[in-house]
Amino acid sequence: MLIHFSVPVLIAVNIIAWLLFHLGFAALATALPLRLFPADGRLCRERRWEMDGRIYEKLFGIKRWKHLLPEGADLLGAGFRKGRLERRDAAYLRRFYRETCRAEFAHWWVWLSGWLFFLWNPGWAGWVMAGYASLANAPCILAQRYNRLRLRRVFRRWKNLDSAG
């Protein structure tokens, strides 16, 4: 712990820091060009162990709870809404796909920022903050990956329909 605060100040600093990290990284990701979040990039590409997204259904039961996650675009008053599909045309679905990468990156940034709390918290509180970072961001990352893999299945079906022509 590099910085020392009284307990009430420490609580206030932690709350303000989390608000700044959540909103700041979300706003930053939203402001950056979509081309900086490649769908086939290292972080967003599909992994074999994800089993075409089915791992999220089987292991995490994601269909039961993902609708409960907050919509970042609503909280910011800006951005692309990913809570549900609003259209089914190809351009919209491709954009939706890329936006899941943007959202996943933002949640990874917030999650990693949890380690900064060790700078001004005692060790035990730093671990509590790191735990919060995991609990607050892991479900959102899982939901973005799951949605993206479901969209990949749609794209593959379209490709098969096009080639069946």
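A few remarks follow.
- Leu135 being at pLDDT 90 or above and surrounded by fewer than 19 Cβ atoms within 10 Å (Cβ to Cβ): yes
- Every condition in (1) in contact (Cβ under 8 Å) with a residue 40 or more places away in the chain; (2) under 19 Å from Leu43 (Cβ atoms) holds for Asn137 except the one numbered (1).
- Any hit, segment 31-41, residues being at pLDDT 90 or above, farther than 26 Å from Arg153 by Cα and assigned to a helix (DSSP H, G or I): yes
- Residue match in segment 70-83 (condition: basic (Lys, Arg), modelled with pLDDT under 85 and either in contact with a Pro (Cβ under 8 Å, 6 or more places away or on another chain) or not in a helix (DSSP H, G or I) (or both)): yes
- Options Ala17, Ala91: the member that is modelled with pLDDT of 80 or more and closer than 30 Å to Trp120 by Cα: Ala17
The values are calculated or read from the model by the stated rules, or taken from the named source; none is laboratory data. Since we're looking at a predicted model, the values are computed, not measured. Reconstructed Cβ throughout: ideal geometry from the backbone, glycine too, with neighbour counts over all protein chains shown.
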